[in-house]
Amino acid sequence: MTGSKKTDPTPFDTSIRARMGHVTLHKVEVFRTVAQLSSVTKAAKQLGIAQPAVTAHVRSLEEKFETKLINRVGRSVELTEAGKRVYRWANSMVVGSTEIARELQHLKAGEVGAAWISSSMVVGTYVLPGIVIDFQRRFAGARIRVNTSNPRVAMEAVRLGESDFAVTILDKDQPFEDLEFEHLYTEPLRLVAAPDSTLVGSRVTPPQLATLPFVTPPAGYIARDVEDDILRSYGIVRRNIVLEFGHPEAILQAVRADRAVSIILESSIEADIAAGTLRMVEIADAPINVPLYLIRRKTKIFSNLQNRLVGEIRDYFTRKTLDRSAG
């Protein structure tokens, strides 16, 4: 019979497949952690196992693949070209295992579906609760978890499969190649003060803004970096930061007490403005906005329930965009 003939695998292909059958997920996770931290010592500490055990797991993988995966550079390690390819494979293995374990757990519990969300502080404190509570009221069997943290942690949770998606501002120092970004909304940053504050009037110029007493997130927080970058684009460098807090509600308490002013996302102050417990101050000729994104892994496939929830989050921000345009 003529035509294409199925060829047998080469001995190398056969041996690789046979050896891979003995690679445990634990070994894969150990190698992945070493690759992420660029250190055997740090990986051992994070995983809570002895350093020699970490080294043995990496060497075992090198034996399975018959190639060197890492090189030592001083106290750190760097991936070889083969190591980089194995890392991408290891990452997909661990993420996939984390995700399927969660999904099976929810099925076993008899839940109609689940969604695990990561978010930055303001979104997770002032925006998502209302959306999620209303959604769960209509889908009572759903299990929804919202982890509120900083953008770096939120993006990493999506990357690791620990969250289905994130709603957050961006940490530009994070790698983006395995993530997909959908712009949801351009959120205004507002300058706020106590209602009767004498620290500032109803309007301030950029030079005046630079001298005001501020309460801000601590140095090193992504929200602080975003604020500082935007202000610098207008030639504004804050010189009088008197208080620093890691949560927006603590920042607002300091502003209500008239200890300082603050620049903060509009979503966090809507209730205070309506109640008259804070007032907004116009910044002349310096509009300040920051984009919010829905972030998912490129390989992520949403369940029906997750698609519904994501749709409602999109609808919420679409309405806000239209309301701002109309106003």
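The values are calculated or read from the model by the stated rules, or taken from the named source; none is laboratory data. Please read all numbers here as calculations on a predicted model, not as lab measurements. Reconstructed Cβ throughout: ideal geometry from the backbone, glycine too, with neighbour counts over all protein chains shown. In case anyone asks, the SASA skips ligands and DNA or RNA and just uses the protein heavy atoms, side chains included. Shrake-Rupley method; radii C 1.70, N 1.55, O 1.52, S 1.80 Å.
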Can you give the charge dipole size of the chain about its Cα centre, rounded to the nearest 20 debye, using +1 on the beta carbon of Lys and Arg and -1 on the beta carbon of Asp and Glu? 1080 debye
Restricting attention to the alpha-carbon atoms of segment 26-105, what are Rg (one decimal) and Dmax (integer), both in Å? 12.7, 43
Residues meeting the amide H criterion for Val261 (H placed from the backbone, H to H distance under 5 Å, 5 or more places apart or on another chain) are Phe214, Val215
Rounded to the nearest 0.05, what FRET efficiency do Lys298 and Thr318 give with R0 = 22 Å and r taken as the Cβ-Cβ distance? Could you check? 0.40
Give me the accessible area per residue for segment 171-248, probe 1.4 Å, as a whole number in Å². 51 Å²
Two decimals is fine: what is log10 I(q)/I(0) at q = 0.13, 0.32 Å⁻¹ for segment 132-175, from a Debye sum with one equal scatterer on every Cα and no solvent? -0.35, -1.13
Residues listed by number, segment 247-278, amide nitrogen under 20 Å from Thr211 label point at 7 Å toward C-beta: 259-263
Charge-dipole axis of the chain as Lys and Arg at +1 and Asp and Glu at -1 on Cβ define it, positive-most pick from Tyr185, Asn150, Ala114: Ala114
Would you please classify the overall shape of segment 181-276 from the alpha carbon gyration tensor, given that a ≥ b ≥ c denote the square roots of the eigenvalues, rounded means a/c under 1.5, and beyond that prolate means a/b larger than b/c while oblate covers the rest? rounded
Amide H proximity to Ile117 below 5 Å, modelled H, separation 5+ or other chain, gives Arg145, Val146, Asn147, Asp164
Search the structure for amide H atoms under 5 Å from the amide H of Ala142, placed 1.01 Å from N in the peptide plane, and list their residues when 5 or more places away or on another chain. Val112
Once you wrap a convex hull around the alpha carbon atoms of the chain, what is its projected area averaged over all directions, in nm²? 24.9 nm²
Pro195 neighbourhood, Cβ < 12 Å, K/R = +1, D/E = -1, net charge -1
At what distance in nm do the modelled label points of Arg137 and Leu25 sit from each other, each positioned 7 Å from its Cα along Cα→Cβ? 3.8 nm
Between Lys45 and Ser202, what's the calculated FRET efficiency when r is the beta-carbon distance and R0 is 35 Å? Round to 0.05. 0.10
So the carbon and sulfur contribution to the accessible area of segment 257-313, 1.4 Å probe, in percent, is 50 percent
FRET efficiency (Ser149, Trp89; Cβ distance; R0 45 Å; to 0.05) is 0.95
The answer for the per residue Cα convex hull volume of segment 228-272, in Å³, is 88 Å³
Pick out, from Pro217, Val23, Asn91, the residue whose Cα sits farthest towards the positive end of the charge dipole of the chain, with +1 on the Cβ of Lys and Arg and -1 on the Cβ of Asp and Glu. Val23
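How large a share of the accessible area of segment 109-185, in percent, is made up of carbon and sulfur atoms when the probe is 1.4 Å and the other protein chains stay in place? Walk me through the numbers before you get to the answer.
Numbers: 1710 of 3240 Å².
Whole-percent figure for carbon plus sulfur exposure: 53.
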Number of Lys-Lys pairs in the chain under 21 Å by Cα, sequence gap 8 or more or different chains? 11
